[in-house]
1. Do we find that Asp177 is modelled with pLDDT under 95 and in the same structural domain as Leu223 (by TED's automatic domain parsing) in this structure?
2. Please list, ordered by first then second residue, the pairs with beta carbon atoms under 8 Å, 6 or more apart or interchain, first in the stretch 220-236 and in the same structural domain as Trp265 (by TED's automatic domain parsing), second hydroxyl-bearing (Ser, Thr, Tyr).
3. Inspect all residues belonging to the stretch 280-296 and state whether any of them is within 11 Å of the ligand (Cβ to nearest atom) and either of a type in the set (Ser, Thr, Tyr) or under 23 Å from Val186 (Cα atoms) (or both).
4. Counting residues that are crowded, with 19+ Cβ neighbours inside 10 Å and under 20 Å from the mean Cα position of the chain (by Cα), which strands (runs of 3 or more DSSP E) fully inside the stretch 35-126 reach at least 2?
5. Could you check the stretch 248-261 and list, in sequence order, the residues that are crowded, with 19+ Cβ neighbours inside 10 Å and more than 10 Å from the ligand (Cβ to nearest atom)?
6. Taking interchain pairs and intrachain pairs at least six residues apart, which have beta carbon atoms under 6 angstrom, with the first residue in the stretch 117-139 and at negative phi and the second part of a helix (DSSP H, G or I) and surrounded by fewer than 21 Cβ atoms within 10 Å (Cβ to Cβ)?
7. Restricting to the stretch 305-359, what's the tally of residues that are surrounded by fewer than 18 Cβ atoms within 10 Å (Cβ to Cβ), touching a Pro at 6+ places or on another chain (Cβ under 7 Å) and of a type in the set (S, T, N, Q)?
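The values are calculated or read from the model by the stated rules, or taken from the named source; none is laboratory data. Note that the structure is predicted; figures quoted are calculated from it, not measured. Backbone-built Cβ (ideal geometry, glycine too); neighbour counts: all protein chains shown.
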Amino acid sequence: MYGSTPQPSDSDRTAFRKAEKKYKLYKTTAPKSRRKQPSEVDLTEVYDFKSVLESFKQERKNPPGISELRCGLDRPVFCFEDRPGFYFIPGALSIEEQCHWVRESLTSFPQPSNRTNHNAIYGPIHDLFDAVQNKKVLVEVGSRIADTELGVHSSEGNLDACRWKFCEENVSIPKGDSCNSIAASVLLRKLRWSTLGLQFDWSKRNYDVSLPHNKIPDTLCHLAKKMAASAMPAGEEFQPEAAIVNYFGSGDMLGGHLDDMEADWSKPIVSISLGCKAIFLLGGKSREDTPVAMFLRSGDIVLMAGQARECFHGIPRIFTDEENAEVSPLASQFSSHEDLCFKEYIRTSRININIRQVH
Ligand SMILES: O=C(O)CCC(=O)C(=O)O
């Protein structure tokens, strides 16, 4: 009300929300500049496991509250002493492995029968990345526009899926036909998630085992099993059944949430970071619990199992500016002309692949 002291809204009150607001990207216009710049943010309380790993390698010492888990993995796994079930494996993937998973995330993971956020509007989209590389446009084929006029071939057998087709960007639409279209490059920028293995139904918030799906690639299963081993109950092997791939662009965030749709929380979620650096918040069982913040870099893997499965977590920020993204070593791997689209994408994006055992 006018003249009264501003009251925080309900959503601003929790400790988790406060931390999200602290790290979120805000842009302000600097004096003498017309361009908006990211506002300064205090990062002094953000844990940096890259430095933890370096000092561990040099001096075998960890900062207070962090310890190294002794397990069979060929690299250090760190945990917070007061946050059981949460494990951090800094630099778990080599640059070549990161490169491989970026390629897979952009080419094969969004392929039908896997679903993406685009399914709801366009139906299944085949070969999106290929269409980006060939500068194609997705066109809604109206009843009067014949496929042959657009020079396209249907990629799906069913009628619904035939409504949207990729064609050359300069295709001429016959007079009188209204025609919606969207550039493949825009669709790629708007890609938010794809689901592998058992398909997650976001509206019902459960796994729809009746939906057709592609098998999770063996190499990804192998990697997830190897990484998960440190957080598995003794004598059991992790069984990857589903994965969600999240795609983040500049300004995107993932609000605080729980991953509670899997039956058995003793099994970890294996979460792989690729591309631009991000801030991850790990809270407690209530949004009122103050979360701990940490950087996630390309190649880092975190595991959330047991009690950590009951904890709110989220990504309030990704860093897409050259100075802070720390993505150059990965981007420079995409050096050939054919790889230009991968390079352009990953320079300002982050991909997260999280693999789950559902049953
Ligand atoms: O992007 C991340 O690192 C976290 C992803 C996540 O929390 C989720 O998909 O549930």
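1. In short, no.
2. If the second residue must be hydroxyl-bearing (Ser, Thr, Tyr), the pairs left are Ser230/Tyr87; Ala231/Tyr87; Pro233/Ser266.
3. no
4. In the stretch 35-126, the matching strands (runs of 3 or more DSSP E) lie at 86-89.
5. Once the filter is applied, which keeps residues that are crowded, with 19+ Cβ neighbours inside 10 Å and more than 10 Å from the ligand (Cβ to nearest atom), the stretch 248-261 yields nothing.
6. Pro124/Ala161; Val132/Ser185; Val132/Cys341; Gln133/Cys341
7. 1
One line per residue, one yes/no per condition, for (1) among the acidic types (Asp, Glu); (2) surrounded by 17 or more Cβ atoms within 10 Å (Cβ to Cβ); (3) part of a strand (DSSP E or B):
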| residue | (1), (2), (3) |
| --- | --- |
| Ala228 | no, yes, no |
| Trp265 | no, yes, no |
| Leu274 | no, yes, yes |
| Phe280 | no, yes, yes |
| Gly284 | no, yes, no |
| Thr290 | no, no, no |
| Ala293 | no, yes, yes |
| Ser298 | no, yes, no |
| Leu303 | no, yes, yes |
